[in-house]
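Structure, as structure tokens:
The values are calculated or read from the model by the stated rules, or taken from the named source; none is laboratory data. Not measured: the values here are computed from a predicted model. Every residue, glycine among them, receives a Cβ derived from its backbone with ideal geometry; neighbour counts consider all protein chains shown. Keep in mind that these areas ignore ligands, DNA and RNA; they rest on the heavy atoms of the full protein, side chains included. Shrake-Rupley method; radii C 1.70, N 1.55, O 1.52, S 1.80 Å.
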Amino acid sequence: MSAELIAVLAVIVVAMVFDYTNGFHDAANAIATSVSTRALTPRVALLMAAIGNFIGTHFGARVATTVGSGLVTLPHQLDALGVVLAGVLGAVCWNLITWYFGLPSSSSHALIGGLVGAALVAGDQVKWHGILNKVILPMLLSPLAGLVFGFLAMLALMWAFRRGRPGRLNRGFRWAQTVSAAAMSIGHGLQDAAKTIGVIVLALYVGGFQDSVTHIPQWTYWTSATVLALGTYAGGWRIIRTLGRKIIDLGPPEGFAAEAVASTLLFIFGIGLGAPISTTHTITSAIMGVGATKKLSAVRWGVAGNIIGAWLLTFPGAGGIAALIFLAIRPLFS
């Protein structure tokens, strides 16, 4: 067995670990609002999210291509596989740190930050233009859009049902949340599983096991989808509590509005633009936008501030960890 094959297999295994941690770390993105409003029981919500993740993975080709070919340029050599491995390990470490503290940080930006951090230390080329257009700008625009459209969507619902009876409306929106939560979980799959696929494709390419960095083997869809679904079903209760209860007290109408807005943005950015945005950023900002329609004080801005701090630290934090890991494992890839 060649050194390149061993290294590629190691990357695939670690990528699956990242995929699994992504599932339990970001499960809250799809189900926190539905659980907190009691539209769905936790286990039913997790099962539905896992199925949605599995389905959504198969729509993530454009996002996978962006991660695999649009962020860094790596040579066909063993050292480059060390970069990929360190990048994914950095993202896994960051996921575990933020999960432990219950902070809904972005697994997407942890992975991208990890790849960039390891590539910089290795002296490889980072495609800063692609980082700006496909990562930084969407990272800024998607939360802003979630905040604004969450606010507007909730205002529209409040006006449309202003004469409705609260008890009946809550029952109706609990049913509607089944649909919006399913859409959210599909959007999570097409965004987050696709990033793992992109890493595997990049490893296969730099390892010399395929000629194109844009060709996606069919088995990568099934493997990544299955592992993400298993991780999602394992659940991430610390983050679910943060998103579902600590930012704002959600009712079924608020939960539906937040999920509908966030899932729509995931589809637009993922399928339409091929931009790997954060499901965490999108749903959290939508929840805050929805909550602001009650009154600004209804949103617990202190908790929101901690979350935003985790967002800002994710890219450099994961990148720094990945850089240190690459320096430690570099002798194994020389």
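For the reader, a short list of remarks on this structure follows.
- Residue-averaged [θ]222 nm for the chain, counting only DSSP H segments that reach four residues, each worth -39500 (n - 2.57): -24500 deg cm²/dmol
- Per residue accessible area in Å² of the range 161-228, where ligands, DNA and RNA are left out and the probe is 1.4 Å: 44
- Highest-first arrangement of 286-293, 36-43, 123-130, 51-58, where packing means the average Cβ count within 10 Å: 286-293, 51-58, 36-43, 123-130
- Among the lysines of the chain, pairs at least eight places apart or on separate chains and with Cα atoms under 28 Å apart come to 4.
- Dipole moment magnitude, nearest 20 debye, the chain about Cα centre, only Lys, Arg, Asp, Glu C-beta charged: 1640
- Kyte-Doolittle mean at least 0.0, axial Cα span of 24 Å or more - DSSP H helices of the chain: 3-36, 78-100, 137-160, 218-234, 301-329
- Charge dipole of the range 26-141 (Cα centre as origin; +1 on each Lys and Arg Cβ, -1 on each Asp and Glu Cβ, all else neutral): 340 debye, rounded to the nearest 20.
- The Cβ shell under 13 Å around residue 274 holds other residues with a net charge of +3, Lys and Arg each +1, Asp and Glu each -1.
- Carbon + sulfur, % of accessible area of the chain - ligands and nucleic acids excluded, 1.4 Å: 71
- Sorted peptide list for 9-20, 211-222, 107-118, criterion being average Cβ within 10 angstrom, highest first: 107-118, 9-20, 211-222
- Protection proxy ranking, highest mean first, for peptides 184-190, 137-143: 184-190, 137-143, where packing is the per-residue count of other beta-carbon atoms within 10 Å, averaged.
- Whole-number accessible area per residue in Å² for the range 1-120, which is evaluated in the context of all protein chains at 1.4 Å: 31
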